[in-house]
Each structure stands twice: as structure tokens, then as C-alpha cells.
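See structure below.
The values are calculated or read from the model by the stated rules, or taken from the named source; none is laboratory data. Bear in mind the structure is a predicted one, so any value in this text is a computation, not a measurement. Don't worry about glycine lacking a Cβ; one is built from the backbone with ideal geometry, like all the others, and counts go over all protein chains shown. Note: areas computed on protein heavy atoms with side chains; ligands, DNA, RNA excluded. Shrake-Rupley method; radii C 1.70, N 1.55, O 1.52, S 1.80 Å.
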Amino acid sequence: MLNSTVTELSDALAARKISSVELTRLFLDRIKGLNGRLNAFITVDEERSLAQARVADERRSGGRAGRLTGIPVAHKDIFCTRGIRTTCGSKMLATFKSPYDAHVIERFNAAGAVLLGKTNMDEFAMGSSNETSHFGPVRNPWDLDRVPGGSSGGSAAAVAARMAPAATGTDTGGSIRQPAALSGVSGLKPTYGVVSRYGMIAFASSLDQGGPLAKSAADLALLMNAMAGFDARDSTSLERPAEDYTRSLNDSLQGLRIGLPKEYFADGVDADVLARVSEAVRWFEGHGAKTVAITLPNTGLAVPVYYVIAPAEASSNLSRFDGVRYGHRAKEYTDLNDMYRRTRAEGFGAEVKRRILIGTYVLSHGYYDAYYLQAQKVRRLIAKDFTEAFARCDLIMGPTSPSTAFALGAKTDDPVQMYLNDIFTIPAPLAGLPGLSIPCGFDAKGLPVGLQIMGNYFAEAKMLGAAHRYQQATDWHLRAPKEAQL
Amino acid sequence: MAWEIVVGIETHAQLLTHSKIFSGASTAFGAEPNTQACAVDIALPGVLPVLNAQAVELAVRLGIAVGGKISRKSIFARKNYFYPDLPKGYQISQYEIPVVQGGSLKIVLPEGEKTIRLTRAHLEEDAGKSLHEDFQGMTGIDLNRAGTPLLEIVTEPDMRGAKEAVAYARALHSLVRWIGICDGNMQEGSFRCDANVSVRKVGSNELGTRCEIKNLNSFLFMEQAIVFEASRQIEVLESGGKIQQETRLFDTEIGETRAMRSKEDAQDYRYFPDPDLLPLVISEKEINRIGSELPEGPESVRKRFVDEYHFSMEMAFVLTLDRVRAEHFDAFWKQLLELTANVDPIARVQAANFAMMEIGAAMGRLGIAVEEILPDRLAVLIARVLDNTISHRIAKEVFSAMLAGEGAPDEIIEKRGLKQISDSGAIGKIVDEVLAANAKQVEDYRSGKEKAFNSLVGQVMKRSQGKANPAQVNEILRRKLKAT
Amino acid sequence: MFLTPAQLHRIALLARIAVSPEEARAVTDRLNQVLGLIDQLQAVDTRGIEPMSHPLDTQQAVQQRLRADAVTEPDLRAEIQALAPAVEQGLYLVPKVIE
């Protein structure tokens, strides 16, 4: 059961082979057994989960079950959940209990899914290794001395270690796709505006987008059917007709044009990563797809653009954490400003403070034009690269990350090296485009490699279809870390 | 050497919406602290703003009323600063592109009308309130007001001195109520003005360094604050000092301005477009619809009252301070014109002036709402003065009876027998009686004491219960005094 | 562009984050590493390019949706203020503010 996909579990529940309570207990026990070492979850409330499972079982008895009714799902601790704390991986919110549910949580509740727990993450989603969490790093199930990727590292590790059949994440510069790649699971970042940001604690508002992590592309499609949809409380939520994300799962690959950007197959990418990604591309070629050589000439500027825009927005988004209405407040202070300064110095970790300071600087008087405005202009150049590319191809493929999982602590002393690791995942959110990552093999050390598939705006179903065809012919996505090493 | 005082005004007008500009919490005044501060208003993690349609509509209304340009596309920005009454750590406001650009407002001064140019009007959210009473040595924060929609209306530095500034503030105050976008309640803070004051030598074209004065919550304080601030600046400059550009607070207790401590840090608001909100787009069609629904504005009504009705500018100004009153008077006047087509226009305007005073007195003294005075009844009453059925004095009595609910004017005149006596025989009879009873006054008059005549007139009027036609009384009395 | 410790002090003040004198040097160095990265943007020719403030503005006309003016939020003061570090008589308490 632990190795089953959501699709299989849904069928098993429907066939009454197992109840939601049994299934939920199975995963709760698994979490209990593994979380001490992996640290994938920040908060688990067994009673609450089991109560929800009981409701789901009743709903099924009443004949009102949907595809996700009774399925346990882990949620990144960035989604506000009523009745169970939401920390965003920060000391600032270590005891914060949201009085409301995020839109995504409402959607899963409405579908009858069971909230399995809140997963660990980089503090305020700022990080690519899950090492910035106030609650300690998450360990990669494939090698406990390595990082799972970030910022949705807890979600990726939980799915990889079979602690949850599926999880939610958020992606600002790669925070779903990169941990999916490094932890050997599938993850999708949808088009900006498809999943409501209401109740998703903001990092960089013009980039943040929620999405699912699971074993397979077919599972991602099922989860998207629940997560996506218009929400009037988010002004950037798109008013579009509801989509069935499973509709293209069985589409043929015949004639599909796959763009291969030369910048994604260049120096600086691990040889094993290049080899595995190229093998996957060849599989697609062998099954009817055509490859097209393309160029995304401004790829190299994506990381600098991102490190202006994301910190700028973050510096403002995180101003609300001031120790007045909720969250941490310093114990000792001399006056109001001292209270603010100490509260924020104590409540935020080093990386968050660094980004707030950078953001404050690039927005400050005399620097706004040179940094922020310039970054927004270059952002358009990057988006234009994609517009031109998608005139020539249907999907773009390449590595999700230039390397496989790196060792804990390997990059913590060099923030720029850490940032550059996100070079292939940062461009899509800058352009607002969807991207997904699926496992496509292992490097020599036995660490998973991720294949990134990017599509045009609203091409999620097509991307999931291509991924699903690949996963029907391969089993990389079903491989699990060895139990002995967990 | 003479100094010239230069003033620009920034007004924050709370817009008359039911809910806040970016949330569904109530904007009603006076609720228990923080009971109208919802998740969005207190900036819980994860919440997002959605713009209130009515706030936009009201802003456009003002833009059209002042003849400004309505931006087809305007942008909301974040103004970043830390303050406990600002929950998000930034205020959502329009910075580079405001919803209204330009426009103007005419003010009425003793020497005539003057046009004050507006720079812009932009939408933004209000902050909460800091209550400085002692709570264990701390300040209390009430966020009920946080997120209330504001329209900030900014003028060019077009006012010269406190009187002009106050005239502008009054004109704007009257306009925002006129077009129904703000209740204008200054005590509750619905209409708040800040004044940018500077001084310069007469004849100079350059602006001096300005100080912004906050907390001007009445027209009186505004006048006092500007007068004080200008003389302070002149004193500084005349003693060789320099003016520091700063924000100052008007202390109403001592009538002085002082620098605000909380604004001491040089601010750097780090404005940038709010990524949670998209550009506000207003279509030509919407602008036309809102324009077509706007009532005639006070400037236009004032002009009509002066040009077509021949009211004095002063009278027109007083009548157009309030739309209900102006519309009421307009209705009354139109009715009166019909009833008194053949009357001398000057007499008619004089009678109208009388009516205006009486209405004003009734509203002031008795607290009567102008709507309670039916315009057509009032017109009949004044028509009766103009056709000599009653005198002004009797008209007052009838008016009081009308207010007391005794019915239509003709009914009251009839019932109370107030019809003016214009029958010379009847008046002559009363005059004879008065002359017979007041030999002393008759004697005095004849020995040249003109005062005695007035006393005799008074006696006649009294005996006629005020009903005798005063002109006829005069004439008959003189004739009889001469004859006997 | 290069950040000096004095500029760091001002930015930390604007951001209301206490940076102790001991950490100042290290923080400045780290920030300068990042500024070195983003300074690459200065060399890019962006004449005639519109800033992109919304990720979908190349795809569709992006325009703010308006909400009907209705009171929809109930009073949740008790629940919301249970989260606050210091509250009295329904007010949030902060160190004395002097205007």
C-alpha cells in the first residue's frame, strides 16, 4: 500500500479493499517510524487526521465519495490550516494557529482528502536545500547525509520515503521541481494564477504558485483537479473554466515537438544528469516525438533577475511580522523600534534576513531604477525567449537541476553557489509558465535525476500527458529508497 | 519687506462604502475596538486584497465633478514603513499613476471667485488608530479603521494664506458631500486635511521650503495652524535661519505647531507596484455612466443662481454649501416664479432673501431639516408677501405655524384671520382711534419730534394685530395728522 | 554597486532588523556576494522594454477584478486576538508611541 500511487489507492478505497482510517493509520505509523531521522514533518496531529479519515469513510458509505476522498495528503507548512499550527518553517510563526484555511486546503477538504500533517520547508520558502528551516534540515531519503532540495523539501522527502502518497508544495524559483528532482518524485508548478494564493504565506507574490508532488504524473493530474480553480479572494487568480487535468494522459506523442534549449545542455551540468536527461529525450524521440534545437538566450540572467525581484517582494511581504498582532515578539526591548528590530532579528533566520535586506536595498531610494525596474525589464526579455521558443515547439525538456542532491552543509557558506543551482527552475516562474519534474534515472551514486518538462501557458494537461506516457514505459518514478538505509 | 504665504492642501476623504477597500469588513464608525478588523485588515499571513468596486466608483465621481482626467489604467503601489497602526508594514496606495489627474475647484472669496488647481486624487487605504491613553505604560492599537477607503485629494500650492486655504477646504468639504462620496464628518475623522505651508517674499516666483502640518480636524484649527506656522517661518527667516522641511503637528491646546517625533527618521518608502493587485482599468463607458448619474455640481448651481436668478454671489454661495438645501431652494424658486410672474424681479429677490434667512433660522434654532419645509408651500407664503396679502412680519408667524404643522399658508392666513387690511376706511378708523387715545404723541409730532410718528405707527399696527398694510398706515396717518 | 557597513546600517534600520556590530562585517560581505551576482543586470540593454510586473501580461489583458461593496466578514476578534502577544480591552498593546 505504501508504494501505491494515489490513483491505485483511490481505486482500493472505492473497491472497499481498505478504509481511509486504515490507510491514514498506515501512513501515520510510517511517519512515526521515520520522521525522527528524516524530519520531513513539522506537525502531525494523529487524532485530527483520523477524525477526518472517519468522515471520509462515512462519506464513502453515503455514496458521495470523489477520487480523493479518504486519500491522506501532506501539506507544506506554508498553507494556512485552521486548527493545526502553520509555521512556514520559521521561529516567527512557531506557535501560529491560523484562524482560517487556505483555498488549497479548502479544496482538499471539499474533496474529502485527509490532512496527514504539515511538512518541513525552508524558512518562508527561501532556500533550495531545506537547511534554512527553524525546525532543522530535512534529510534526503536516498542518502541521509544529503539535502532533499527545497524549499518544499519536506513534501518531496515525505513522498519519496512513502510517508505520504502525495503532498502539496509551492514553487517560487523551483521549490516544487528542484526537491522533486533531488528526491526522486514527480512535481508540478502550474501556470501563475491557476492555483489560488489565498492562505499560502507569501514569499514573492508575482512568482509564488502552489502545486502537487506525488509519485506519478497521473497522480499530479488528479491532485491538480482538486487544487486548481478560480478564487475571488486572490486578485491574481484566473477566471477560467474548470479543467480536467487527466484529459490528455493518454494522448499520443506522435508529432510532439520537443524543444531542447542549448543553454540547458551546457557546461556546468553534471555528466550523469546530462546522460539521464538525454536518454529520456531519446525515449520520447523513439515514441513519435521530434526534437527541435532551441535557444533561451537570457537564461543566464534569470538568477540575477530573480534575486532582485523575489527579495524585493519578500522584504515587503514579510514586514507584517512585527510582533504586534501574532507571532514572535522579543522579550526585552527599550522602545517600539527596538521591539521591532529585536523581534525580527530573533524571529527570522539568517537567509530570510539576508533576503529582506537585499530586497530593502534594491527598492530603496536611488537604487529602484537600477535594480528593481531593470530586473522587471530583463524579466520581460526572459519571458520573450519562451514566447519565441514555443512558436517552434510544444514542450521544452532539460534537466531540472544541474546536479543531483548535494551534501548537507555543502553550499551553506556560499549563498551565490546555492542560488545558481536553481538556474533551470527560475526561468519558468519569471515568465509565469508551468513546469514539472519527473524522475528519469539515477547518477553513479544512486541519487535520482529529474527531467524537467516546461510547457506554454495552461499546457499542464499536455505536459502531464507526455510525462504519463514516459512513466507508463519506465519505472523510475516507482523506485523507492532502500528501506535499510532509512 | 512683505511676505507671501503659500499653501497647498492634502485631504483624506473617507469614501462612503459599506465595506473596506480591500476586505469585506464593515466601515461603520464607533464599533468596539478591533471588532471590524478582519483577517485581511490585520494582515494575517496568507491573506490578499481584492478591490471594492464602490470605492472606485466614488473616486471617479469626484474626478468628473472637478473636471479631472480619469486614468483609464491606474496602478496600486506599496508604500513601505513600519508603524503599529499599519498592519502589513506597507500601505496600499496609488503612487505613479493615480485614478484622477488634474481638475480644479472654485472657491468664493470676498473679492470674488478663485480657481484652485488640483494635482491628483488617488485611492488608498486608511491606517488604524493608536490610542495613547496609558495601558500599562503602552499604546493601544485599534485596527477597525485600517483598510477604510480613502481618496487623497492633493492641490497645487495655489492658496495664499489661511483664509484661502479654509475657503478651499470648505468648498471641497461641500463638494464631497454634494456628490455623496464622503460624509464630511470631521470629528470622526472622515474628512482630514493636512496643509503644506511655506512663505516667500512678495514678488518671488520660487517656492520656499515647506512644512506639512497634520491634525487639522476643524476649519478653525486649520486657520489657526496656518497663521501660526507662517509667522513661525517668517520669524525663522527674518532672524537669518533656514526652514527645515518636516512634518509638524498642530497642538490644539496651545495653538502651535511642533515637529513630529515619529517622523524624525528620513523616510524611504520604497514604493513599488503591489504584485497582489492588477492594474485598475476603467472603461470610457463606465466613466460616461458615472458622469451621467452625477447631480449638477455646486459651481454650476451657484452660477445659475447668480446669472439666471439674479441672487447675490454671497447668497448663492450660502445656498450651495449643501446640495439638499440648494435643490430645495431651487424648487422653491421655480415655484415662486410661476406664482409671481408679474412681480418686480428686485422685490422677488428680496423676498427670496427673506425666505433664505427664515429657513436658515428655522434650521439653526429649531433643528428642522430643510426637507420638512415643503418648497411649494413656502413659495405660496412668499407669493402672499409679494401680493400684499400679508406683511413680512405676518409671514414669519405663518411660517412658524407651517413648521408647527398647521397646514398650507393660505389655510393658516384664513383660519387665523391674518389677511392684511388694505381697506383705507378700516385703517382710517383705527388711525382715528389711535390719534384720539394719544394726544401727547400727536402734540410731540406736531412740535417736530419725528420719533413720535413711529410710535403712532406702532400703535396702529398693534391695534390691527399687525394686519394693516404698513405703507397705507403711513400714508393715512400723515394725512390725518396734517389735516387735524 | 557595493554595500558599505554604513549603508547596511541604514538598510537594517529601514527593514527593522537588528544587526549587531559583531555580525555587521559578515552580513555585509554576504550581501556583497549577492549584489555581485545581481549587478550583471546593469550590463543588459533594456531600452524600449516595458517592465514586467505581472507574469501573465504577455498573454492577456491583466486587469483588477472588483468586489461588490458588501460586508461579508464577521467579528472574529476573540479568535484573532488569541494569537496576539499583548492585548488589553480589545486593543493590541505596543511600546509607547510618541508622535
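Some values worked out for this structure:
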{"quantity": "Cβ-Cβ FRET estimate between A:Thr295 and B:Ala259, R0 fixed at 56 Å, reported to 0.05", "calculated": "0.40"}
{"quantity": "Charge context of A:Thr5, other residues only, Cβ under 10 angstrom, K/R +1, D/E -1", "calculated": "-2"}
{"quantity": "Shielded residues, the stretch C:3-40 - accessible-area loss of 50 Å² or more between chain alone and all protein chains, probe 1.4 Å", "calculated": "C:Ile11, C:Leu14, C:Ala15, C:Arg16, C:Ile17, C:Ala18, C:Arg30, C:Leu31, C:Gln33, C:Val34, C:Leu37, C:Ile38"}
{"quantity": "Interface size B-A, as summed buried accessible area [1.4 Å probe, Å², nearest 100]", "calculated": "2800"}
{"quantity": "Fully extended contour minus Cα-Cα distance, from B:Arg304 to B:Phe29, at 0.36 nm per residue", "calculated": "95.3 nm"}
{"quantity": "Hz values of 3J(HN,Hα) by residue in the stretch B:225-234 - Karplus curve (6.51, -1.76, 1.60), Gly and Pro given as x", "calculated": "5, 5, 4, 5, 4, 5, 5, 4, 5, 4"}
{"quantity": "Residues in the stretch C:56-77 occluded by at least 50 Å² - accessible area, probe radius 1.4 Å, against chain by itself", "calculated": "C:Leu56, C:Gln59, C:Gln63, C:Gln64, C:Arg65, C:Leu66, C:Arg67, C:Asp69, C:Val71, C:Glu73, C:Arg77"}
{"quantity": "Dipole of the protein assembly as shown, positive end: most advanced residue of B:Ala165, A:Pro415, B:Val50 [Cβ charges, Cα centre]", "calculated": "B:Val50"}
{"quantity": "Minimum 40 Å² accessible area buried by the other protein chains, the stretch A:205-243 residues, probe 1.4 Å, relative to alone", "calculated": "A:Ser235, A:Thr236"}
{"quantity": "Where C meets B: accessible area buried, both sides, 1.4 Å probe, Å²", "calculated": "4000"}
{"quantity": "Pairwise burial A:C, computed as accessible area of each alone minus the pair, summed, 1.4 Å, Å²", "calculated": "5500"}
{"quantity": "Accessible area (Å², per residue) of the stretch B:224-342, counting only protein heavy atoms and a probe of 1.4 Å", "calculated": "53"}
{"quantity": "With all protein chains modelled, accessible area of B:Ile430 [1.4 Å, Å²]", "calculated": "30"}
{"quantity": "Per residue accessible area in Å² of chain A, where ligands, DNA and RNA are left out and the probe is 1.4 Å", "calculated": "29"}
{"quantity": "Those residues of the stretch B:55-85 whose amide nitrogen sits under 18 Å from the label point placed on B:Ser283, 7 Å along Cα→Cβ", "calculated": "B:56-58, B:60-61, B:70-74"}
{"quantity": "Helix-only CD estimate at 222 nm, as mean residue ellipticity for chain B, using -39500 (n - 2.57) per DSSP H run (n ≥ 4)", "calculated": "-13000 deg cm²/dmol"}
{"quantity": "Size of electric dipole in the stretch B:3-290: Cβ of Lys, Arg +1 and of Asp, Glu -1, about Cα centre, debye, nearest 20", "calculated": "860"}
{"quantity": "Distance from the stretch A:150-167 to the stretch B:418-443 (C-alpha centre basis), Å", "calculated": "111"}
{"quantity": "14 Å reach of a label modelled at A:Met1, 7 Å along Cα-to-Cβ, counting backbone N of the stretch A:25-65", "calculated": "A:25-31, A:50, A:53-54, A:57"}
{"quantity": "A:Arg282 - accessible surface, heavy atoms, 1.4 Å probe, Å² rounded to 10", "calculated": "140"}
{"quantity": "Cβ-based net charge around A:Pro179, under 13 Å, with every Lys or Arg adding one and every Asp or Glu removing one", "calculated": "+1"}
{"quantity": "For the stretch B:156-211 versus the stretch B:1-27, the gap between their alpha-carbon centres in whole angstrom", "calculated": "11"}
{"quantity": "Local electrostatic count, B:Gly184, Cβ distance below 13 Å [Lys/Arg +1, Asp/Glu -1]", "calculated": "+1"}
{"quantity": "Helix-derived mean residue ellipticity, 222 nm - over chain A, DSSP H n ≥ 4, -39500 (n - 2.57), to 500", "calculated": "-11500 deg cm²/dmol"}
{"quantity": "Assigned charges on the beta-carbon of Lys, Arg, Asp, Glu; the stretch A:57-137 dipole about Cα centre (debye)", "calculated": "320"}
{"quantity": "Share of carbon and sulfur in the accessible heavy-atom surface of the protein assembly as shown [1.4 Å probe, %]", "calculated": "50"}
{"quantity": "10 Å Cβ shell holding at most 12 others, DSSP loop, GluC sites (Glu not before Pro): longest site-free stretch of chain B", "calculated": "B:309-484"}
{"quantity": "Residue-normalised accessible area of the stretch C:1-45, given per residue in Å² at a 1.4 Å probe", "calculated": "50"}
{"quantity": "Karplus-derived 3J(HN,Hα), 6.51/-1.76/1.60, for each residue of the stretch A:224-240, Hz, glycine and proline x", "calculated": "4, 4, 7, 6, 7, x, 5, 9, 5, 7, 10, 5, 9, 6, 8, 8, 10"}
{"quantity": "Inter-part distance where the stretch A:470-486 and the stretch A:421-455 are each reduced to a Cα centre, Å", "calculated": "17"}
{"quantity": "Listed residue (B:Ile254, C:Ala86, B:Met356) projecting farthest to the positive dipole end of the protein assembly as shown, Cβ model", "calculated": "B:Met356"}
{"quantity": "Check: the stretch C:1-73 dipole with +1 on Lys, Arg Cβ and -1 on Asp, Glu Cβ, in debye", "calculated": "120"}
{"quantity": "Cross-link pairs B:Lys88/B:Lys285; A:Lys91/A:Lys353; A:Lys118/A:Lys189; B:Lys79/B:Lys242; A:Lys91/A:Lys411; B:Lys69/B:Lys334 - those with Cα-Cα distance over 24 Å", "calculated": "B:Lys88/B:Lys285; B:Lys79/B:Lys242; B:Lys69/B:Lys334"}
{"quantity": "Using θ = phi - 60° and Karplus 6.51 cos²θ - 1.76 cosθ + 1.60, couplings along the stretch A:57-72 (whole Hz; Gly, Pro as x)", "calculated": "5, 5, 4, 5, 4, x, x, 10, 7, x, 4, 9, 4, x, 7, x"}
{"quantity": "Cα shape, the stretch B:3-290, gyration tensor, a/c 1.5 rule", "calculated": "oblate"}
{"quantity": "Exposure rank, largest accessible area first [A:Thr343, B:Thr35; 1.4 Å]", "calculated": "B:Thr35, A:Thr343"}
